Amino acid sequence: MASPHEAFTHRTATRGDIAALSTVIDAAIGELQKSFLTPGQIIASRQIMGLDTRLIDDGTYFIIERHGAIAGCGGWSRRATPYGHNASANRDDRLLDPRTEPAKIRAMYTHPAYVRRGIGRMILALCEEAARKEGFSRLELTSTLAGAPLYHACGFQDVARLTDSSVPIILMQKIIEPKGF
């Protein structure tokens, strides 16, 4: 029997992908949050969510494709910025210490046409393996309400429930084994 992921491929994003990624991110924010947020909160989401091109420049942002179409994207960071886009106020490019701080899972989006096909799990697996190789033993992310079921299913636990610009978010963590253990 064929794997459900067989038709999907992955690669590291480049600056040349930014326009296509922006389209996927816009669709995901606008469509996938409708069951969880008010229209006003979705508008506010666009102010706190989006693509941070530092992830692309650091080589830690992945694209999942099917027949050349972007099905989803997401990445991880060895930097302290918890979430947001290039213009977010909470940016912190400080490098994290993998011995004492968690790697950050960042900017996870699935195109609405590809939901429930394992895209998020594929990205999380890529991120976890890459962070593990760099010696991190914990992952941390800031989840939307729409993303929380996936992250819970993948072993993340709630740390705190917060609000940013009227948008409810959840700080979550997961313990992973660093490479060599």
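Scanning segment 114-142 for residues that are under 19 Å from residue 42 (Cα atoms) and either touching an Asp or Glu at 6+ places or on another chain (Cβ under 7 Å) or surrounded by fewer than 22 Cβ atoms within 10 Å (Cβ to Cβ) (or both) yields a single hit, 115.
Filtered by the rule that a residue be part of a loop (DSSP other than H, G, I, E, B) and either touching a residue at least 40 places away in the same chain (Cβ under 8 Å) or under 20 Å from residue 61 (Cβ atoms) (or both), segment 129-176 gives 134, 135, 136, 137, 145, 146, 147, 154, 156, 165, 166, 176. Of the strands (runs of 3 or more DSSP E) that lie entirely inside segment 1-103, those containing 1 or more residues that are of a type in the set (Phe, Trp, Tyr), touching a Cys at 6+ places or on another chain (Cβ under 7 Å) and at pLDDT 95 or above span 61-66, 69-77.
When you look at residue 162, is it more than 12 Å from the chain's Cα centre (by Cα), modelled with pLDDT of 95 or more and surrounded by fewer than 16 Cβ atoms within 10 Å (Cβ to Cβ), yes or no? If you could, list the steps in order and put the result at the bottom.
Numbers: more than 12 Å from the chain's Cα centre (by Cα): yes; modelled with pLDDT of 95 or more: yes; surrounded by fewer than 16 Cβ atoms within 10 Å (Cβ to Cβ): yes.
Yes.
Count of segment 24-54 residues, restricted to those that are β-branched (Val, Ile, Thr) and touching a residue at least 40 places away in the same chain (Cβ under 8 Å), is 4.
Residues being out of contact with any Pro (no Cβ under 8 Å at 6 or more places or on another chain), more than 19 Å from residue 143 (Cβ to Cβ) and buried (at least 19 other Cβ atoms within 10 Å of the Cβ): count how many of those fall in segment 66-110. Total satisfying the criteria: 2.
Among the conditions (1) out of contact with any Ser or Thr (no Cβ under 9 Å at 6 or more places or on another chain); (2) more than 21 Å from residue 152 (Cα to Cα), the only one that residue 115 does not satisfy is (2). In this structure, residue 71 qualifies as of a type outside the set (Ser, Thr, Tyr), within 15 Å of the chain's Cα centre (by Cα) and within 16 Å of residue 120 (Cβ to Cβ). Tallying residues that are touching a residue at least 40 places away in the same chain (Cβ under 8 Å) and of a type in the set (Ser, Thr, Tyr) within segment 65-89 yields 2.
Here residue 99 fulfils each of the conditions (1) of a type outside the set (Val, Ile, Thr); (2) farther than 22 Å from residue 173 by Cα; (3) out of contact with any strand residue (DSSP E or B) (no Cβ under 9 Å at 6 or more places or on another chain) apart from (2). For segment 104-122, the set of residues classified as assigned to a loop (DSSP other than H, G, I, E, B) and either within 17 Å of residue 33 (Cα to Cα) or among the basic types (Lys, Arg) (or both) consists of 111, 115, 116, 117, listed by residue number.
The values are calculated or read from the model by the stated rules, or taken from the named source; none is laboratory data. This one's a predicted model, so the numbers in the text were calculated from it and none came from an experiment. Cβ: placed from backbone, ideal geometry, glycine included. Neighbour counts: every protein chain shown.
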